[in-house]
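The values are calculated or read from the model by the stated rules, or taken from the named source; none is laboratory data. Being a predicted model, the structure only gives us computed values, none of them experimental. FYI the Cβ positions are ideal-geometry reconstructions off the backbone, even for glycines, and counts take in every protein chain you see. When the accessible area is computed, the model is the full protein with side chains, heavy atoms only, and any ligands, DNA or RNA have been set aside. Shrake-Rupley method; radii C 1.70, N 1.55, O 1.52, S 1.80 Å.
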Amino acid sequence: VAPAEYRFRPPMAPAYLFLIEVTAQAIQSGVTTSACEVILRTLDSIQGAEHALVSIATVDSSIHFYHIKEGAEKPSMLVVPDVDDSYAPLKSGLLMPLAKNREAIEKLLKTIPDSFSSSAPGPNASTAGIKSAIECLKPTGGKVMAFLATIPNVGIGKLEARTSTTGQRTGNIEKEPLRCMASVDKNYHNMAMHAAEHQVCIDLFLCVSSSVDVATLGVLPRMTGGSLYRYPGFNVEQDFAQLHNDLRWNLIRPQALEAVMRVRASAGLGVQDYNGFFCKRTMTDIDLPALDSDKTIAVTLRYEDKLVDGKEAYVQCALLYTTMSRERRIRVHTIALPITSVLGSLFR
């Protein structure tokens, strides 16, 4: 257990903000109803439920947060219309203790699909919604879990579907040129850095029926220790079970919060680079707003000096993190590696 000097605030509680797209396309394709239903079915799977916090938000051409007050019959809807510079409508109070508000949350999730069932076709400001969700979670840290049906095409981070380099599609996937796509919008990088700084992790569930810019959207989970799930040509009958299983496993898998990791090596070796889903704001440490059993972090070591034959080299990994039961812990792994210049010894 980490002593007090390893904490700059009390260990955070698990906090989840579920952001659901409610455009006409999302309603018609069944994504809105499916998202609400899988969240309903997985509330029991949330770890540390006795102190977990939950919030619900929806997005179409504007962003809607739901404020559940004690004693009120139904939640009040708070609308954020500015999608070019979105914000959190309240400084606090949008995250609700799950244990105390379970019934109200379930009732809200059941009413959302009907509330937007008559929506006219319009744009999708889901990136602005994610930015608002990050602002909402800034004081506490937590996870934004966004269920999207269409490409964000209005407001901050609006995107356009990308075509092949020739501008035409052949219809034969084997003949399509293989390209390494890069992010096209720096807003996503800045947003992800801001989220990671405040211990906010972003998970994306892309239930899409048309093309969507995964290379750009993927920056958000990659830099915040999140996960990206994609269901191309989303079909409720075929994909609902997979969506439900993915969300359930996301919640029940072994995981940690607000982690920071460093790898050290003995004389003669140094750390060259890290690869994986994390944010790197300093030369020596990597920040992990969330870390789970499905993630791998690769570390490249470099030779800085000659190593002595017959001796041992040491590599140590230190991880400071918060458990789902709000304990701040330190985990250290150290490995001793024999040094040899004889290839045969390596194989033996």
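A few points about this structure:
- ARG264 vs. criteria touching a residue at least 12 places away in the same chain (Cβ under 8 Å), in contact with a His (Cβ under 8 Å, 6 or more places away or on another chain) and open to solvent by 60 Å² or more (accessible area, probe 1.4 Å): no
Yes or no, residue by residue, for (1) modelled with pLDDT of 95 or more; (2) in contact with a Ser or Thr (Cβ under 8 Å, 6 or more places away or on another chain); (3) of a type in the set (D, E, K, R):
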{"position": "VAL22", "(1), (2), (3)": "yes, yes, no"}
{"position": "ALA26", "(1), (2), (3)": "yes, yes, no"}
{"position": "HIS67", "(1), (2), (3)": "no, yes, no"}
{"position": "GLU70", "(1), (2), (3)": "no, no, yes"}
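- Output for region 58-83, where each listed residue is open to solvent by less than 40 Å² (accessible area, probe 1.4 Å), under 12 Å from ILE105 (Cα atoms) and out of contact with any helix residue (DSSP H, G or I) (no Cβ under 7 Å at 6 or more places or on another chain): HIS67
- Selected residue (criterion: farthest from the chain's Cα centre (by Cα)) from residues of region 263-277 that are farther than 16 Å from LEU337 by Cα and of a type outside the set (Ser, Thr, Tyr): GLN272
- Scanning region 15-57 for residues that are under 23 Å from SER117 (Cβ atoms), open to solvent by less than 10 Å² (accessible area, probe 1.4 Å) and β-branched (Val, Ile, Thr) returns ILE20, VAL22, THR23, VAL31, THR32, VAL38, ILE39, ILE56.
- Count of region 293-310 residues which are loosely packed, with under 14 Cβ neighbours inside 10 Å and either without any contact (Cβ under 8 Å) to a residue 60 or more places away in the chain or closer than 16 Å to ARG331 by Cα (or both): 12
- Residues located in region 271-281, provided they are open to solvent by less than 70 Å² (accessible area, probe 1.4 Å) and either closer than 20 Å to ARG9 by Cβ or out of contact with any Leu (no Cβ under 7 Å at 6 or more places or on another chain) (or both): ASP273, TYR274, GLY276, CYS279
- Residues in region 271-292 that are free of Cβ contacts under 8 Å to residues at least 40 places away in the same chain, in a loop (DSSP other than H, G, I, E, B) and either of a type in the set (A, V, I, L, M, F, W, C) or out of contact with any Lys or Arg (no Cβ under 7 Å at 6 or more places or on another chain) (or both): LYS280, THR282, MET283.
- Some residue of region 149-164 being touching a strand residue (DSSP E or B) at 6+ places or on another chain (Cβ under 7 Å), open to solvent by less than 70 Å² (accessible area, probe 1.4 Å) and outside any loop (DSSP other than H, G, I, E, B): no
- For region 202-249, the set of residues classified as touching a Ser or Thr at 6+ places or on another chain (Cβ under 9 Å), farther than 15 Å from ILE20 by Cα and either hydroxyl-bearing (Ser, Thr, Tyr) or part of a strand (DSSP E or B) (or both) consists of SER209, SER210, SER211, THR216, listed by residue number.
- If you go through region 115-126 and keep only what is surrounded by 17 or more Cβ atoms within 10 Å (Cβ to Cβ) and in contact with a strand residue (DSSP E or B) (Cβ under 9 Å, 6 or more places away or on another chain), you end up with PHE116, ASN124, ALA125, SER126.
- Residue check, GLY218 under 26 Å from PRO14 (Cβ atoms), of a type in the set (Gly, Ala, Ser) and in contact with a Lys or Arg (Cβ under 8 Å, 6 or more places away or on another chain): no
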